[in-house]
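Visitor: Take a look at this one; I'll ask things after.
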Amino acid sequence: KRVDIIINSQVIGGAERASGLLYKNLETKLRHLRLLTFKSSANYEFESNFIQIPRKRRLAGLLPSRIGFLLDIRKAVKRNKTEVVITFMSGVTTLVFLSLIFMNVKIIACERSDPFRSTPSRRRLAITKFIYKLVNVVIVQTDRVKDRLHSEWKLQNMTVIGNMIPLRSSAYLGI
């Protein structure tokens, strides 16, 4: 399989840590695995392993620049003949979904927060709901979020993968 993991950046954070751990775990199993970001990385561990799709500095709000960015994402995925895209966070999922319309690419959306609490506006929440109904799988962190997405949005295509705890931390905590 040809798989792309796409996240906004690899700066230190929860979703970034999860995407990095996923990448590190899959890189020995998959020959065609890439980590794509929209911003440069402050995490030098991945400096040679990720591809940056930069948001070009253009006049803010211009529709052609936004369409150009979506086309850049599409080109990067198409050039690699990617079969599966794993996205992290709803904003990235929205951009990737719009970029890959009419392409035969499976999308796995990893929601690393509660969209009901972290989404800034009702409009953005409505967009997230629409897109999450159309992607192949939505991965959430807790059964509570899964149950709420099922009851309020009628989502069926979900699975729960909680936050990872590195082995060295569990020993320190006495777990």
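The values are calculated or read from the model by the stated rules, or taken from the named source; none is laboratory data. Because the structure is predicted, anything quoted here is derived from the model rather than measured. Neighbour counts are summed over all protein chains in view; Cβ atoms, including those assigned to glycine, are modelled from backbone coordinates with ideal geometry. Just the protein is used for accessible areas: all its heavy atoms, side chains included, with ligands, DNA and RNA removed. Shrake-Rupley method; radii C 1.70, N 1.55, O 1.52, S 1.80 Å.
Visitor: Report, by residue number, each residue of the stretch 134-145 that is loosely packed, with under 14 Cβ neighbours inside 10 Å and within 21 Å of Leu98 (Cα to Cα). Steps first, please.
Guide: Restricting attention to the stretch 134-145, the residues satisfying the condition of being loosely packed, with under 14 Cβ neighbours inside 10 Å are 134, 136, 142-144.
Leu134, Asn136, listed by residue number.
Visitor: Is it true that Lys81 is among the charged types (D, E, K, R), surrounded by fewer than 17 Cβ atoms within 10 Å (Cβ to Cβ) and at pLDDT below 95?
Guide: Against the criterion (among the charged types (D, E, K, R), surrounded by fewer than 17 Cβ atoms within 10 Å (Cβ to Cβ) and at pLDDT below 95), Lys81 qualifies.
Visitor: Could you tell me how many of the residues in the stretch 98-122 are small (Gly, Ala, Ser), assigned to a helix (DSSP H, G or I) and either open to solvent by less than 40 Å² (accessible area, probe 1.4 Å) or modelled with pLDDT of 90 or more (or both)? Please lay out each step first, then the result.
Guide: We begin by selecting, within the stretch 98-122, every residue small (Gly, Ala, Ser); these are 99, 109, 113, 118, 121.
Filter once more, keeping what is assigned to a helix (DSSP H, G or I): 99, 118.
Cutting the leftovers down to either open to solvent by less than 40 Å² (accessible area, probe 1.4 Å) or modelled with pLDDT of 90 or more (or both) gives us 99.
The total comes to 1.
Visitor: If you don't mind, there's one more thing I want to ask. Do we have any residue at all in the stretch 52-61 that's closer than 19 Å to Ile161 by Cβ, hydrophobic (A, V, I, L, M, F, W, C) and either modelled with pLDDT of 80 or more or open to solvent by less than 80 Å² (accessible area, probe 1.4 Å) (or both)?
Guide: Among the residues of the stretch 52-61, not one is closer than 19 Å to Ile161 by Cβ, hydrophobic (A, V, I, L, M, F, W, C) and either modelled with pLDDT of 80 or more or open to solvent by less than 80 Å² (accessible area, probe 1.4 Å) (or both), which makes the answer no.
Visitor: Give all pairs with beta carbons closer than 7 Å in which a residue from the stretch 92-114 that is under 19 Å from Thr159 (Cα atoms) meets a residue that is aromatic (Phe, Trp, Tyr); count only pairs at least 6 apart in sequence or on separate chains.
Guide: Ile107/Phe97; Ala109/Tyr132; Cys110/Phe88; Arg112/Phe88
Visitor: Could you say which residue among Leu125, Leu95 is more than 20 Å from Ala18 (Cα to Cα), outside any loop (DSSP other than H, G, I, E, B) and either of a type outside the set (Phe, Trp, Tyr) or modelled with pLDDT of 90 or more (or both)?
Guide: Working: Leu95 fails: more than 20 Å from Ala18 (Cα to Cα).
Just one listed residue meets the conditions, Leu125.
Visitor: Another question about this same structure. Considering each of Arg74, Arg66, Arg148 in turn, give the residue that is over 25 Å from Gly14 (Cβ atoms), at pLDDT below 95 and crowded, with 16+ Cβ neighbours inside 10 Å.
Guide: Just a single option satisfies the conditions, and that option is Arg74.
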